[in-house]
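Here's the structure we're looking at; comments come further down.
What follows is calculated from the coordinates using simple rules that are stated; it is not laboratory data. Source: prediction; values computed, not measured. Here Cβ is always computed from backbone atoms with ideal geometry, including for glycine, and neighbour counts include all displayed protein chains.
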Amino acid sequence: MTVRRKNQSGASLIEVLVSMLIVAVGVLGLAALQARAMNAEFESYQRSQAILLANDMVERLRMNRTAMGSFKNITDPATGVSYLGTAGDDSYVVDCTSTQAGKDLCAWSLLLQGSAETNSGGSKIGAMAGARGCISYDPATEISGVVDSGLFTVSVVWQGTQETLASSTNCANGLYGSEARRRVVSMSFRLGRLS
């Protein structure tokens, strides 16, 4: 008596299909990871550019000690109204020709608008989406009533690509759709009195 065995057919084909499915899921996961890494890299680049721009204005303020009054009333810290950079209804109007303070504000506003970075056609593209800058002064922090001895805050804001936590800084608030997309870098400082 001979027993006939049925040959298994198609088992290796199923194994190949399963392994292809596993590889496809892995490749999709890798592609998603790459997309998130690129987004995080772009956000990091924008933040580093904002830090450089904020630091630039802080140094301009420090170099222009005699005209600190020109910088005091640019942005209302309570409302975030009046800013430099990307134009809008609440933009601060700068006189770019009269004083060194005006020239500094004008140069900083142009940097926020992207004058330092252009595309191949010569158009300003900037380092950040919708960059705006605010300079606020808190007179309540003045030392012994000495004018301009209070706390100055320089802020740079821009629109991020993903939602995160909303910032408590009021600079240009309400201009980026969701407040969770508004990114802020702020630097506060007080000028030292040498006399």
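Take the alpha-carbon centre of the range 22-87, take the same for the range 137-180, and report the distance between them in whole Å. Cα centroid to Cα centroid, the span is 13 Å. Distance between the modelled labels on residue 165 and residue 22, one decimal in nanometres: 4.1 nm (7 Å Cα→Cβ projection). For the range 12-190, relative contact order (Cα pairs under 8 Å, six or more residues apart, normalised by length) works out to 21 percent.
Evaluate E = 1/(1 + (r/R0)^6) for residue 48 and residue 99, where r is the Cβ-Cβ distance and R0 equals 30 Å; express this FRET efficiency to the nearest 0.05. Rounded to the nearest 0.05, the efficiency is 0.45. Scattering from the range 118-183 was approximated by placing one identical point on each alpha carbon and applying the Debye formula without solvent; log10 I(q)/I(0) at 0.25, 0.29 1/Å stands at -1.00, -1.16. Size descriptors for the range 61-145, from the alpha-carbon set: Rg then Dmax equal 14.5, 54 Å. Every pair of different Cα atoms in the range 12-190 enters the Kirkwood calculation, which places the hydrodynamic radius at 18.3 Å.
Spin-label model, residue 189/residue 55: points 7 Å from Cα along the beta carbon direction are separated by 1.1 nm. Taking other C-beta atoms within 10 angstrom as a stand-in for reagent exposure, 83, 92, 45, 137 fall in the order 45, 92, 137, 83, fewest first. Helical runs (DSSP H, four residues minimum) scored at -39500 (n - 2.57) apiece and divided by the length of the chain put the mean residue ellipticity at 222 nm at -12500 deg cm²/dmol. When each of the peptides 22-32, 175-185, 160-170, 126-136 is scored by the mean number of other C-beta atoms lying within 10 Å of its residues, the order from highest to lowest reads 126-136, 175-185, 160-170, 22-32. For the chain, the longest principal axis of the alpha carbon atoms and the long axis of helix 11-63 meet at an angle near 10°.
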